[in-house]
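Report on the following structure.
The values are calculated or read from the model by the stated rules, or taken from the named source; none is laboratory data. Treat the numbers as computed from the prediction; the structure is a model and nothing was measured. Every residue, glycine as well, gets a Cβ built from its backbone with ideal geometry; the counts of neighbours run over all protein chains shown.
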Amino acid sequence: MLVIAGMMSVSLAETTNLKKVFNDAKVAYAAQDYEKAAEGFRKVLKYQPGYIYARKYLNQAEAKIKSGVKPTVSLESKLAQLKISVEFSETDLGSVMTYLSQKSSEISGGKVVANFIYKGSSEDKTSKLVTLKLGNVPLTEVIRYVGQLTATKFKYEEFAIVGTPSATIIRQEAQLKAIEGQKSAETAKLKFDAPSKDPFKK
C-alpha cells in the first residue's frame, strides 16, 4: 500500500509539473517566442502524447517558425514573460506603478520597462490604495489585480501602459452617447423639416 501511495504521489507531482510547463509554453506562444513555446509543448507531449491541445499548439508554433517571419512582440506579451512577487499593504496607486516600472526594468535587465501613464488626478494616485500579495506570477497579472482593486482600466499601448479611472471612462461614454443622441435628433429634425416632393408635380 505504501508503494502504491508513493507511486500515486509521484504521478500527481509529474502532472502538476506538466501543467506548469504547458502554461509557460502558452505564455511563450502568446509572446511570440515560438522556439521556447515549441520546446515546452514537445516536453508535454513526451509524457502525454495524446494531449491534443499541446499537439495543436506545437503544430502552430512550428508553422510560425518555418514561416521565418520575425514576430513583433507587444509590450503586454513582453511583460507577461516577467515573473514577479509582490506584497503591498495600503500602498497608494502612484507608488505601486512606480515600483512595477522599476521591477520590470530590474528583472529584464533593462530590456522591458512598464512605463505607466495615468489619466486620473494626482489625488486619485494618492487616495487609491492597494493591498495585494502575489507570488511568482506574470507582471501582467499584478497589473490586472491592481486595476480591479483601484477601479482603473489599464490599456497596453506600444510603449506604455495607460491607466484611466473607471469613473472617467463611464463619464466619457455618457458624454459620447449624449453627443450621438443630439446628432440623431438633429438629423431627424432636418429630415422632418425638409420640403416633401409633390408626387403630382410634373
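Pull up segment 142-182, narrow it to residues that are basic (K, R) and part of a helix (DSSP H, G or I), then point me to the one that is modelled with the highest pLDDT.
R144
Could you please find all residues in segment 82-141 being under 22 Å from V27 (Cβ atoms), out of contact with any Asp or Glu (no Cβ under 8 Å at 6 or more places or on another chain), part of a strand (DSSP E or B) and not hydrophobic (A, V, I, L, M, F, W, C)?
K83, S85, G135, N136, P138
Part of a loop (DSSP other than H, G, I, E, B), modelled with pLDDT under 90 and under 25 Å from S108 (Cα atoms): is that true of V73 in this structure?
Working: part of a loop (DSSP other than H, G, I, E, B): yes; modelled with pLDDT under 90: yes; under 25 Å from S108 (Cα atoms): yes.
For V73, the condition - part of a loop (DSSP other than H, G, I, E, B), modelled with pLDDT under 90 and under 25 Å from S108 (Cα atoms) - is met.
Looking at segment 19-70, which of the residues that are at pLDDT below 90, in contact with a helix residue (DSSP H, G or I) (Cβ under 7 Å, 6 or more places away or on another chain) and acidic (D, E) is surrounded by the most Cβ atoms within 10 Å (Cβ to Cβ)?
In this case the residue turns out to be D24.
Could you please give the count of residues in segment 30-50 that are without any contact (Cβ under 8 Å) to a residue 12 or more places away in the chain and more than 21 Å from the chain's Cα centre (by Cα)?
3
Any residue at all in segment 57-64 that is more than 18 Å from Q148 (Cβ to Cβ), of a type in the set (S, T, N, Q) and either part of a loop (DSSP other than H, G, I, E, B) or touching a Ser or Thr at 6+ places or on another chain (Cβ under 7 Å) (or both)? Give the derivation first.
Restricting attention to segment 57-64, the residues satisfying the condition of being more than 18 Å from Q148 (Cβ to Cβ) are 57-64.
Within this subset, residues satisfying the condition of being of a type in the set (S, T, N, Q) are 59-60.
Add one more test, that the residue is either part of a loop (DSSP other than H, G, I, E, B) or touching a Ser or Thr at 6+ places or on another chain (Cβ under 7 Å) (or both), and what stays is none.
For segment 57-64, residues more than 18 Å from Q148 (Cβ to Cβ), of a type in the set (S, T, N, Q) and either part of a loop (DSSP other than H, G, I, E, B) or touching a Ser or Thr at 6+ places or on another chain (Cβ under 7 Å) (or both): absent.
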